[in-house]
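Just below is one structure, and these are the notes that go with it.
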Amino acid sequence: EPEVTQTPSHQVTQMGQEVILRCVPISNHLYFYWYRQILGQKVEFLVSFYNNEISEKSEIFDDQFSVERPDGSNFTLKIRSTKLEDSAMYFCASSEARTGALSEQYFGPGTRLTVT
Amino acid sequence: AQKVTQAQTEISVVEKEDVTLDCVYETRDTTYYLFWYKQPPSGELVFLIRRNSFDEQNEISGRYSWNFQKSTSSFNFTITASQVVDSAVYFCALRGYQTGANNLFFGTGTRLTVIP
């Protein structure tokens, strides 16, 4: 069964460093998402991406964040200058459509980011 | 605005007991989707069910059942004859058709512990 994959599973970085989190969505999916879950808290939407541009973003997704689909398979989240409060689990998700029966968002296993 | 409330932070039950996880939602959208996700200790998000707002039929899948009541804006989840493997955090989520149609709004989750 096709699945969303994410690398790395765990990333440790120092405050102020740039990190890139990678995701490979399901191959026939067209809509891509990033969510964040701070330890012990709820999952929060960051951004959605379609047709090579951001379609929606939350207040959390400020200028230090960016997303990119550098090739036909990868979808990346870059944090330009990490802060301690960026420590969280980051989930990538993808869906085939935006609405209707094919709009199911399938989540990857997550990347745990630890900023020290 | 979209909002999902899971008032039960933690629940403990003894194996084979039935347990119901509550979810109450708020939305101004007339069409919306409701979801339940399971997050086991390993951290991934596992999709359990999606329900459309125009379909109030309850659903049963094995030991799982869902009770959607539009009149009370609730979408409760019942596990029958609970097992230790059911121990996880369960998230209820909402996606509007009109508002923020790309993103899922999650509740704060209910941690279920099934004691052998």
In 10 Å bins starting at zero, report the fraction of Cα pairs in segment B:1-113 per bin as a rounded %.
15, 49, 30, 7, 0
Peptide A:38-50 - average C-beta neighbours from other chains (10 Å radius):
4
Any idea what log10 I(q)/I(0) is at q = 0.09, 0.12, 0.15 Å⁻¹ for the protein assembly as shown, Debye with uniform C-alpha scatterers and no solvent?
-0.37, -0.67, -1.02
Which loop-located trypsin sites (Lys or Arg not before Pro) does segment B:46-86 contain, where loop means any DSSP state but H, G, I, E or B and the Cβ has at most 12 other Cβ atoms within 10 Å?
none
Over chain B, what relative contact order in percent results from Cα pairs under 8 Å that are six or more residues apart?
39
Taking R0 as 22 Å, what's the FRET efficiency between A:Gln41 and A:Thr5 from their Cβ-Cβ distance, rounded to 0.05?
0.35
Checked against the positive end of the charge dipole of segment B:1-102 (+1 on Cβ of Lys and Arg, -1 on Cβ of Asp and Glu, about the Cα centre), the farthest of B:Ser61, B:Val84, B:Ser12 is B:Ser61
Among A:Lys42/A:Lys78; B:Lys38/B:Lys70; B:Lys16/B:Lys38; B:Lys3/B:Lys70; A:Lys57/A:Lys78; A:Lys83/B:Lys3, the pairs whose Cα-Cα distance exceeds 25 Å are A:Lys83/B:Lys3
Exposure proxy order (Cβ contacts within 10 Å, fewest to most) of B:Glu56, A:Glu59, A:Glu44, A:Glu104
A:Glu59, B:Glu56, A:Glu104, A:Glu44
Can you tell me the length gained on complete extension of the stretch B:Lys3 to B:Thr78, counting 0.36 nm per residue apart and subtracting the Cα distance?
24.9 nm
The simple spin-label model distance between A:Arg80 and B:Glu15, using points 7 Å out along Cα→Cβ, in nm, is 5.4
Where does the charge balance sit around B:Thr5 when Lys and Arg score +1, Asp and Glu -1, over other residues with C-beta under 9 Å from its C-beta?
-1
Taking the simple approach of a point 7 Å from Cα along Cα-to-Cβ for both B:Val85 and B:Gln69, what is their distance in nm?
3.1
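Read the figures in this text as sums done on the coordinates, not as results from a lab. Note that the structure is a prediction, hence the values are computed from the model and not measured. Note that we place each Cβ from the backbone using ideal geometry, even for glycine, and neighbour counts take in every protein chain shown.
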